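> I have a structure I would like to understand better, so I am pasting it below and will then ask my questions one at a time.
Each reported figure results from applying straightforward, stated rules to the coordinates on display, with no laboratory input. Note that the coordinates shown come from a computational prediction; the quantities given were computed from them, not determined experimentally. Here the Cβ is made from the backbone with ideal geometry for all residues, glycine too, and neighbour counts use every protein chain on show.
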Amino acid sequence: MSPDMKEFITVCPRNCYSTCSFRVFAGEGRVTRILPYEGNLATPEGPCIKGLTYLEREYSASRIIYPLKREEDGSFRRITTEEALETIAGKLSEVREQHGPHAVLFYKGSGCSGLSNEIATTFWRQFGGATTTYGNLCWPAGLEAVRLTLGEVKHNVPWDLANASLIIIWGKNSAETNVQEMIHIDRAKKNGARVVVIDPRRTPTADKADILLRPLPGTDAALALAIARVIIDNGLENREFIGKYVSGFDRFRDSLDITPGKAEEITGIPASVIEDIARMAGESERLSVIAGYGLQRYTNGGQTIRAILSIPVITGMIGRQGGGFNFANLQSSVFDDVKEPLSYYPDHEADRPFRRAVPMAGFGPALSALKDPPVKFAWIERGNPAIQLPASGEAVQALRSVPFKVVVEQFMNDTAALADIILPSKGIFEQSDVVGSYWNPYVQYKPAVADPPGEVMPESEIYWRLARKMGMATGIKCGLPSPEEYDGWLYERISNTPGLDGDELMKQPVIPGQNEEPAYGQLQFSTSSGKIELWSDDAARLWGVSPLPSFDPPDDFGEPGLPFRLMTPNIASRIHSQFGNLEAMRNVMEEPAWEISVADARGHGLKSGDRIRIFNSRGELTGRVIVTSRVRRGSIVFPNGIWLAEGGGVNTLIPPVETDMGHGAAFHNTRVGIEKIPS
Ligand SMILES: Nc1nc2c(c(=O)[nH]1)N[C@H]1C(S)=C(S)[C@@H](COP(=O)(O)OP(=O)(O)OC[C@H]3O[C@@H](n4cnc5c(=O)[nH]c(N)nc54)[C@H](O)[C@@H]3O)O[C@H]1N2
Ligand SMILES: Nc1nc2c(c(=O)[nH]1)N[C@H]1C(S)=C(S)[C@@H](COP(=O)(O)OP(=O)(O)OC[C@H]3O[C@@H](n4cnc5c(=O)[nH]c(N)nc54)[C@H](O)[C@@H]3O)O[C@H]1N2
Ligand SMILES: [Mo]
C-alpha cells in the first residue's frame, strides 16, 4: 500500500437489508480497494458481488459526469453546470409563479439512503411545497401489519438467529437479497437448528433448507392460519404468554375455520405436511420466523403478514433470544422517515401545507389525472420510475406529458432518457453521510473518500446552489447547508440525536443507546391496548380489513382466465434496476429470461431458449424462455429491474393496484398468458 493510501470504514447505502460495512483504501481522491470489515457482526464477510463492483461503478466510462440537455432529436448534449442550474431555477420560478408550487412534482426513489436526503425535503418545503408521492413500492403492507400487531417494527440482531432452534424463512430469498443473513442461518444450522423455507419457487435459499413448502402464490395466510389452528388444537400455544401479553386470543382462536384439509385445497400443500410444520413450530424452544417482502406485494399482503405473525405470537416467541418475528428492524433508522412515515400517508397532518400527493402504486394514472394545477415540472432523483413502477407504461406516458423534467442520475437509464436536463449524481464515495439499516442494528458513517468525477455534485450542493439562485434562505439553520457547511450540518444532526455519539460514530458502526435486544424484550407494546393485538380495531378502522388476521383470496383484476401468475422477484446481481449495466456484472450474469415449470413447458410445447409472447389486457412483451423445476406450475418468473433495452419492461403488464394496507404496490396480483413465437 502506498504511504498516501488511507484505510476507511464505510457502508453500502443501497436499499438492501444487509447495509454492509466494508473497508476501502483511498488516496489522492481515488478509491483503489474494497475489503471486508469484520467489526460489523451482522455483515462480517464484507459486501456482496454488487458491492465488489463499486470501483467499476465509480469510475465507469458510462457514468454521467456532466449536466446533459436533451435536443429536439432526443440526443443529449453536454452543457455547463451554470447553464443547467440557471435553466432549472428559471423554470422552477416560472412554474411556481404561473401555476403554484404544486405544479412541481418531486419524485424520489430508493436508490441511495442516508441522512443527507433530508435536505431534498427541506428544499421543496422551502420552495413552497410540491406534488409528491405517498405509499411505497417496497414493504409498507408488512410494516403496517407488524405495527398494528406489535406497536413498533423491530427484531433481534441478525446474529441472534444462531440461537434459534427452528427458523422459518417465509417468502424471503435471503441467499440473493440478504446474502449476509445466510451466515447467521448457517451458524444456526451448525448449532442444530432446522430450517423451513416457504416459497412457491425453489430459490437458492430453499437449497439450504431442511424442508421446502411451495404454496400457490398469494395463499400464505390460509397456510399460516391452518398452522395456528393445529398449534392450538394440540394445546401447543403458550398460555401464560398469551394471558399476559396478547389481546384478542379467544376471538382469534374461534375464528380459525381453515383446517389443514381446507388449507391443502387453497395452498396446494398436503394437510399432513401442514400438521407436521405446525407441530414443529408449536414444540420449538426458540422459533424465529423471517418474513420477506415478496409475499406482501399482494392485495392481501398486510393480512398475510398478520396471519404469519400470529404463529410466533401464540407460541410466545416475541421478546425472546433466538425467537421472534423478523420482518424489518427499524431500531437503527434513527433519522429516516420510516418510523414516522410521513411520506406513506396521503394526508398526514404535518405535511398538509407542504404537499399534494399521488399514490406510488397508481402513479401514472394519478399523475395524468391531476388538475388545478396539472404538473408542469418534474424532478426525479434516486429512482427509476420508468421501469420500477407498476403500470410503468402509464407512468412513462404521464411523465412524457410533463413539459419539463429534471433527472438526477448516474447512468443513462430509462428514466434519465425522459429528462430535459440530466444532472449527474454523486457516487457512494463522494459525500459523507449517515446510514441506518432495516435489518442490522447499526447506524453507520459513510466518509467522503473520493473526489467526484467531472462536474458531479451531491444533491445537497445542487439544492443549495438552486436555493441561492432563487433567492431562498440557505445555511445550516435553514437545513440547506453550503458545501463548506455540509459536514458541520451532518455532525450537528448526529450530535442532536439521542443515543448517538458523533465522534464514536465516525470511527466505527455503532448500535444506538436505545436499541432493545432482544427486541420487545421488555414486553412493552405500543399498540392501542398496550398488548400484542391479534384483534386490531385499528386494522379495521384504518384499512377496512377484518380486525382479525384473515385469508382473502388474491384478486385477479378481471383476468382470471389467464393461466399464469407473474412473479417478479429480486436477483443477486442487481438492486432493482442498478448494477446490471456494469461489465463485471455482465460477466457473471445470465441474460434475463422467463422461467416456467417443466409441466407448463410441456403443455405449451416449449423448450429452454424458445421465444415467447407474454401478454395480458395491459400489453405484451416478448422474450426467451427457460424451463426449470425451480418454478411452480402456473407461475411465470421474470426479475424486476431489467432495463428496456435489455428486454425488461415487466411492469408494463402489472396493474396500478394498492395492497390492503400501508399503500404498497400489489405487483404480484398479475396474471398473464403466453404463446410460443414460431422460430
Ligand atoms: N440482490 C438483491 N438484493 C436485494 C434487492 C435486489 O434487488 N437485489 N432489493 C432489496 C429490496 S429494495 C428489497 S424490497 C428486498 C426484497 O427481498 P425479499 O424480501 O427476498 O423479496 P422478493 O425477492 O421480492 O421476494 C422474496 C421471495 O418471495 C417469494 N414469493 C412471492 N410471492 C410469494 C407468495 O405468495 N408466498 C410466498 N411464500 N413467497 C412468495 C418469491 O418467490 C421470492 O423468492 O431485497 C433487498 N435486497
Ligand atoms: N415488478 C416489480 N417491480 C418492482 C418490485 C418488484 O418486486 N416487482 N420491487 C419494488 C421495490 S421493492 C423497490 S424498493 C423499487 C425500487 O425502485 P427504485 O426506487 O426506482 O430503485 P432502483 O431501481 O434501485 O433505482 C434507483 C436509481 O437511483 C440511482 N442512484 C443511486 N444513487 C443515487 C444518488 O446518490 N443520487 C441519485 N440522484 N440517484 C442515485 C441509481 O443509479 C438508480 O437508477 O422497485 C419496485 N418495483
Ligand atoms: Mo424494496
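> What net charge do the residues around Ile476 carry, taking every other residue with its C-beta under 15 Å from that of Ile476, with Lys and Arg at +1 and Asp and Glu at -1? Show your work: numbers first, answer last.
Values: positive: Arg468, Lys477, Arg493; negative: Glu118, Glu461, Glu484, Glu485, Asp487, Glu492.
Counting the neighbours of Ile476, the net charge comes to -3.
> For the stretch 564-676, what is Rg from Cα atoms divided by 2.2 N^0.38 Å, rounded to two decimals? Don't skip to the answer; put the middle values down first.
Numbers: Rg = 14.2 Å, N = 113, 2.2 N^0.38 = 13.3 Å.
Expressed relative to 2.2 N^0.38 Å, the Cα Rg reads 1.07.
> Report the trypsin sites (Lys or Arg not before Pro) located in the stretch 575-623 that are in a DSSP loop and have at most 15 other Cβ atoms inside 10 Å of their Cβ, or state none. Walk me through the intermediate numbers first.
Working: sites: Arg586, Arg602, Lys607, Arg611, Arg613, Arg618; in loops: Lys607, Arg618.
Here the trypsin sites (Lys or Arg not before Pro) that fit, given the DSSP loop and packing criteria, are Lys607.
> Relative to the longest principal axis of the C-alpha atoms of the chain, give the angle of the C-alpha long axis of helix 181-190, reported between 0 and 90° and rounded to the nearest 10°.
30 degrees
> State the Cα centre-to-centre distance between the stretch 647-671 and the stretch 443-485 in whole Å.
Spelled out, the Cα-based centre of one part sits 35 Å from the other.
> Where a Cα-Cα gap under 28 Å defines reach, which lysines qualify for Lys244, not counting those fewer than 8 residues away within the same chain?
Within reach: Lys154, Lys339, Lys531.
> Using just the helices of the chain, give the 222 nm mean residue ellipticity in deg cm²/dmol: DSSP H runs with n ≥ 4 each add -39,500 (n - 2.57), and the total is spread over all residues, rounded to 500. All intermediate terms of the calculation are to be shown ahead of the outcome.
Working: 21 runs with 190 residues, N = 679.
The helix-only estimate for the chain comes to -8000 deg cm²/dmol at 222 nm.
> Can you list the trypsin sites (Lys or Arg not before Pro) in the stretch 463-533 that are in a DSSP coil and have 11 or fewer other beta carbons within 10 angstrom?
Numbers: sites: Arg465, Arg468, Lys469, Lys477, Arg493, Lys507, Lys531; in loops: Lys477, Lys531.
Here the trypsin sites (Lys or Arg not before Pro) that fit, given the DSSP loop and packing criteria, are Lys477.
> Can you list the GluC sites (Glu not before Pro) in the stretch 1-49 that are in a DSSP coil and have 10 or fewer other beta carbons within 10 angstrom? Before the final figure, lay out the partial values.
Values: sites: Glu7, Glu28, Glu38, Glu45; in loops: Glu28, Glu38, Glu45.
Those satisfying the criteria are Glu28.
> Considering only DSSP beta bridges where both residues belong to the chain, give the percentage that are antiparallel (nearest 5). Please list the in-between numbers first.
Working: 38 of 82 bridges.
The answer is about 45 percent antiparallel.
> Something else: Under a straight-distance cross-link criterion of Cα-Cα below 15 Å, which aspartates and glutamates are reachable from Lys208, leaving out those fewer than 8 residues away in the same chain?
Straight-line reach from Lys208, under 15 Å: Glu176, Glu181, Asp186, Asp199.
> Just for the stretch 564-676, what percent of DSSP beta bridges are antiparallel, to the closest 5? Display every interim value, and only then the final one.
Numbers: 16 of 22 bridges.
Counting DSSP beta bridges with both partners in the stretch 564-676, the antiparallel share is about 75 percent.
> Need the list of lysines near Lys676 for cross-linking: C-alpha distance under 25 angstrom, and skip anything on the same chain fewer than eight residues off.
Leaving aside lysines fewer than 8 places away in the same chain, those within reach of Lys676 are Lys607.
> Which whole-number percentage describes the relative contact order of the stretch 410-480, with Cα contacts under 8 Å and a sequence gap of 6 or more?
On the way: 64 pairs, mean separation 17.9, N = 71.
Relative contact order comes out at 25 percent.
> If a/c stays under 1.5 just call it rounded; otherwise compare a/b with b/c (prolate if a/b is bigger, oblate if not). Do that for the stretch 6-59, with a ≥ b ≥ c from the square roots of the Cα gyration tensor eigenvalues. Spell out each step's value before the answer.
Numbers: a/c = 2.22, a/b = 1.37, b/c = 1.62.
It is oblate, given that a/c is not under 1.5 and a/b is not larger than b/c.
> Over 16 Å apart: what share of the alpha carbon pairs of the stretch 229-325 falls there, rounded to a whole percent?
On the way: 2789 of 4656 pairs.
Value for the stretch 229-325 (Cα pairs over 16 Å): 60 percent.
> Ratio of Rg to Rh for the chain, alpha carbon only, Kirkwood?
The Rg/Rh ratio comes out at 0.96.
> Taking K and R as +1 and D and E as -1, what net charge do the other residues with C-beta under 10 Å from the C-beta of Ala448 add up to?
Numbers: positive: Lys426, Lys446; negative: Glu430, Asp433, Asp451, Asp487.
Local charge sum for Ala448: -2.
> Right, something else. Cβ under 11 Å from Gln296's Cβ, Gln296 left aside: what net charge do those residues give with Lys, Arg +1 and Asp, Glu -1? Intermediate results must be reported in sequence, preceding the final value.
Details: positive: Lys172, Arg297, Arg306; negative: Glu144, Asp220, Asp660.
Counting the neighbours of Gln296, the net charge comes to 0.
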